[in-house]
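Data block below; observations after.
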Ligand code: C2E
Ligand code: CA
Ligand code: CA
Ligand code: CA
């Protein structure tokens, strides 16, 4: 019977295209990775552009296979999203990040915020607010030191439902941030109705600064828009001094990108946080 099973499996695999094969393999390895602690949360600073000081960290997941190969999140997050594995994986990332934030806030005097990405499926999960609340209780992190980054596309399918979820979350007194703003489905209506504390201008608009006139116009406008609506605005993907100078000149107060620091493992944070990252 075993032999029979095996040949069925071979037949099955022969009929699958290589993309499907790759995904089955990846899904299997990801489950293993979660069990074997091959996953590690890295942290990328968010910088106050006026002082160069870090005011927050964004948690970004990294997966290093035993062989040393690093698999980027763009490759496995969508898969975990499809298989549903993102729910336990996301809960683990959230708890890990909150513990880290709690540790850092014990060491450093100024309060540091921790930003955690939510995938669309996590955002749609009925128990989300309860899960977040439980993790805050367990880790004893001050709620206003947790920020959730949610893309507009995760909210776009059903804006009425998204609004209810956002209200549930904001009742926990956590920060809410709209990720990748401007990319895809941006709507001013959402900006007006959603209880959002912060906007992240997508890196694709920062890339062309300061010379690309369209990018410059869009970035200026979003900075002004955020400011007049009382929403924090952060520029992501800042890579050059010229981009940094342009942002400062336009009154942007927050930035993130390789210019200041790449995402780093937790063990490097004490050093990263000990000094301004730009002057
Ligand atoms: P994102 O949330 O938009 O994260 C920003 C991405 O830009 C990160 O890539 C970051 O490493 C990268 N980045 C930072 N500074 C620069 C820069 O100056 N230039 C350029 N070109 N890139 C920069 P990463 O870590 O590979 O993550 C990619 C995406 O995967 C994230 O996009 C997010 O959508 C998803 N992701 C990563 N970690 C998590 C997680 O823990 N949970 C969930 N649900 N999604 C995650
Ligand atoms: Ca993000
Ligand atoms: Ca982003
Ligand atoms: Ca992105």
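Conditions (1) without any contact (Cβ under 8 Å) to a residue 40 or more places away in the chain; (2) closer than 26 Å to residue 96 by Cα, marked per residue:
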residue: 211; (1), (2): yes, no
residue: 231; (1), (2): no, no
residue: 237; (1), (2): yes, yes
residue: 240; (1), (2): yes, no
residue: 249; (1), (2): yes, no
residue: 254; (1), (2): no, yes
residue: 264; (1), (2): no, yes
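Does residue 237 satisfy the criteria of being touching a helix residue (DSSP H, G or I) at 6+ places or on another chain (Cβ under 8 Å), modelled with pLDDT of 95 or more and crowded, with 18+ Cβ neighbours inside 10 Å? Spell out how you get there, then give the answer.
Working: touching a helix residue (DSSP H, G or I) at 6+ places or on another chain (Cβ under 8 Å): yes; modelled with pLDDT of 95 or more: yes; crowded, with 18+ Cβ neighbours inside 10 Å: yes.
The answer is yes for residue 237.
Which condition breaks for residue 84 when tested against (1) within 16 Å of ligand 4 (Cβ to nearest atom); (2) at positive phi?
Every condition holds for residue 84 apart from (1).
Mind listing whichever residues of the range 64-100 are in a strand (DSSP E or B) and either in contact with a helix residue (DSSP H, G or I) (Cβ under 6 Å, 6 or more places away or on another chain) or surrounded by fewer than 16 Cβ atoms within 10 Å (Cβ to Cβ) (or both)? First the steps, then the outcome.
Initial filter on the range 64-100 (in a strand (DSSP E or B)): 64, 70-71.
Within the range 64-100, 64, 70 meet the criteria.
Any residue in the range 271-278 that is surrounded by fewer than 14 Cβ atoms within 10 Å (Cβ to Cβ) and in contact with a strand residue (DSSP E or B) (Cβ under 7 Å, 6 or more places away or on another chain)? Steps first, please.
First pass over the range 271-278, keeping only residues surrounded by fewer than 14 Cβ atoms within 10 Å (Cβ to Cβ): 271, 274-276.
Add one more test, that the residue is in contact with a strand residue (DSSP E or B) (Cβ under 7 Å, 6 or more places away or on another chain), and what stays is none.
No, every residue in the range 271-278 fails to be surrounded by fewer than 14 Cβ atoms within 10 Å (Cβ to Cβ) and in contact with a strand residue (DSSP E or B) (Cβ under 7 Å, 6 or more places away or on another chain).
Which residue pairs have Cβ atoms under 7 Å apart, sit 6 or more places apart or on different chains, and have a first residue in the range 187-208 that is within 14 Å of residue 230 (Cβ to Cβ) and within 16 Å of ligand 4 (Cβ to nearest atom) and a second that is modelled with pLDDT under 95 and assigned to a strand (DSSP E or B)?
199/181
Those residues that are part of a helix (DSSP H, G or I), within 16 Å of ligand 1 (Cβ to nearest atom) and closer than 20 Å to residue 207 by Cβ, I need them from the range 223-279; list them, please.
Start the filter on the range 223-279 by keeping residues that are part of a helix (DSSP H, G or I), which leaves 223-229, 241-249, 266-272.
If we keep only those that are within 16 Å of ligand 1 (Cβ to nearest atom) too, we end up with 241-247, 266, 268-269, 272.
Hits for the range 223-279 are 241, 242, 243, 244, 245, 246, 247.
Could you run through the range 121-143 and say how many residues are part of a helix (DSSP H, G or I) and either within 17 Å of the chain's Cα centre (by Cα) or within 25 Å of residue 81 (Cα to Cα) (or both)? Outline the logic, then answer.
Taking the range 121-143 as the starting set, the residues that turn out to be part of a helix (DSSP H, G or I) are 121-124, 128-139, 143.
Narrowing the set further to residues that are either within 17 Å of the chain's Cα centre (by Cα) or within 25 Å of residue 81 (Cα to Cα) (or both) leaves 121-124, 128-136.
So the answer is 13.
Given the criterion within 25 Å of residue 73 (Cα to Cα), surrounded by fewer than 18 Cβ atoms within 10 Å (Cβ to Cβ) and within 16 Å of ligand 2 (Cβ to nearest atom), identify the matching residue among 198, 119, 115, 153. Working first, answer last.
Working: 198 fails: surrounded by fewer than 18 Cβ atoms within 10 Å (Cβ to Cβ); 119 fails: surrounded by fewer than 18 Cβ atoms within 10 Å (Cβ to Cβ); 115 fails: surrounded by fewer than 18 Cβ atoms within 10 Å (Cβ to Cβ).
Of the residues listed, the single one that is within 25 Å of residue 73 (Cα to Cα), surrounded by fewer than 18 Cβ atoms within 10 Å (Cβ to Cβ) and within 16 Å of ligand 2 (Cβ to nearest atom) is 153.
The values are calculated or read from the model by the stated rules, or taken from the named source; none is laboratory data. In this text the structure is predicted, and so the values were computed from the model without any measurement. We place every Cβ from the backbone using ideal geometry, glycine too, and count neighbours over all the protein chains shown.
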